[in-house]
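S.K.: Before I ask anything, here is the structure I am working with.
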Amino acid sequence: MKEINIVILVLLILTIPVFGIGIIFGLAGSTAGYYLMISLGYLIGIVSSVLGLFWEKFRYLALVGLFLIALGIILDGMFWKKHNRELCEELRAEPSCTESENGFSCTDFDGMDFSTGKSICH
């Protein structure tokens, strides 16, 4: 299990530059709770991996950190999938919106011009 803690520690430290920026922006967004969960998972994973190198009772706690990271990412993805599906339906129902192969273009969506790519409906 000590080797697994080392691998977890290295992976978490190496992914901080990549996921760190996403976490910072995520904490300021609509799903801040999920990004808080991811941040907590990182913190638990790193601290318990380091402590697990010296004390055996902390070795399995790193897996809890990984679980929180995975759960936060899954819940965030589910939220945005539902949000985009509902927005797509709303855009298709809006008379001022036209759908093309590139996405939607609206002249009066909630009182403003609006356009979005086709990926909103996928």
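S.K.: Multiply the residue gap between Ala70 and Glu3 by 0.36 nm, knock off their C-alpha separation, and tell me the result in nm, one decimal place.
M.R.: 22.0 nm
S.K.: Could you tell me the relative contact order of the chain? Use alpha-carbon pairs under 8 Å, at least six residues apart, and round to a whole percent.
M.R.: Working: 141 pairs, mean separation 23.1, N = 122.
This gives 19 percent for the chain.
S.K.: Could I ask something else about it? Tell me which residues come under 5 Å, amide H to amide H, from Gly103 once H is placed; ignore anything under 5 positions away on its chain.
M.R.: Those qualifying (amide H under 5 Å, at least 5 residues apart or on another chain) are Lys118.
S.K.: Where in the range 56-95 is the amide nitrogen less than 16 Å from a point lying 7 Å along the Cα-to-Cβ axis of Asp108?
M.R.: Once the point is set 7 Å along Cα→Cβ of Asp108, 93-95 turn out to lie under 16 Å by backbone N, inside the range 56-95.
S.K.: With an 8 Å Cα cut-off and a minimum separation of 6 or more residues, compute the relative contact order for the range 34-77 in percent.
M.R.: Details: 55 pairs, mean separation 22.6, N = 44.
Answer for the range 34-77 is 51 percent.
S.K.: As a test of the formula, what do you get for the chain when each DSSP H run with n ≥ 4 contributes -39,500 (n - 2.57) and the sum is divided by the residue count, at 222 nm and rounded to the nearest 500 deg cm²/dmol?
M.R.: The helix-only estimate for the chain comes to -24000 deg cm²/dmol at 222 nm.
S.K.: With 5 Å bins from zero, work out the P(r) of the chain over every alpha carbon pair and list the percent per bin.
M.R.: It works out to 2, 11, 16, 14, 12, 11, 9, 7, 6, 5, 4, 2, 0, in whole percents.
S.K.: Along Cα→Cβ, 7 Å out, is where each label goes; now give me the distance between the ones at Ser119 and Ala28 in nm to one decimal.
M.R.: 2.0 nm
S.K.: What spacing in nm lies between the two simple spin-label points modelled at Phe79 and Leu51, each 7 Å away from Cα in the Cβ direction?
M.R.: So the two model labels end up 2.7 nm from each other.
S.K.: Counting other Cβ atoms within 10 Å, keep those with at most 14, restrict to DSSP loop, and tell me which chymotrypsin sites (Phe, Trp or Tyr not before Pro) in the range 27-112 are left. Can you show the working numbers first?
M.R.: On the way: sites: Tyr34, Tyr35, Tyr42, Phe54, Trp55, Phe58, Tyr60, Phe67, Phe79, Trp80, Phe104, Phe109; in loops: Trp55, Tyr60.
Loop-located and lightly packed - Trp55, Tyr60.
S.K.: Specify whether the C-alpha gyration tensor of the range 25-84 places it in the rounded, prolate or oblate class, a ≥ b ≥ c being the square roots of the eigenvalues: rounded for a/c under 1.5, otherwise prolate if a/b is larger than b/c and oblate if not.
M.R.: Taking the square roots of the gyration eigenvalues as a ≥ b ≥ c, the range 25-84 is prolate.
S.K.: So which lysines pass the test for Lys82, namely a Cα distance under 26 Å, with those fewer than 8 places away in the same chain ruled out?
M.R.: Lys118
S.K.: Using only the Cα atoms, work out Rg/Rh for the range 56-122, with Rh taken as the Kirkwood radius, to two decimals.
M.R.: 1.33
S.K.: Further question: Subtracting the Cα-Cα distance from 0.36 nm times the residue separation, let me have the gained length for Leu14 to Glu86 in nm, one decimal.
M.R.: Going from the current span to full extension adds 22.3 nm.
S.K.: Under 16 Å Cα-Cα from Lys57, which aspartates and glutamates qualify once same-chain neighbours fewer than 8 residues away are excluded?
M.R.: Excluding near neighbours in sequence, the set is Glu3.
No value in this document is a laboratory result; all are computed from the given coordinates. The structure presented is a predicted model; accordingly, all values stated were derived computationally and were not measured. Positions of Cβ are generated from backbone atoms using ideal geometry, with glycine treated the same way; all protein chains shown enter the neighbour counts.
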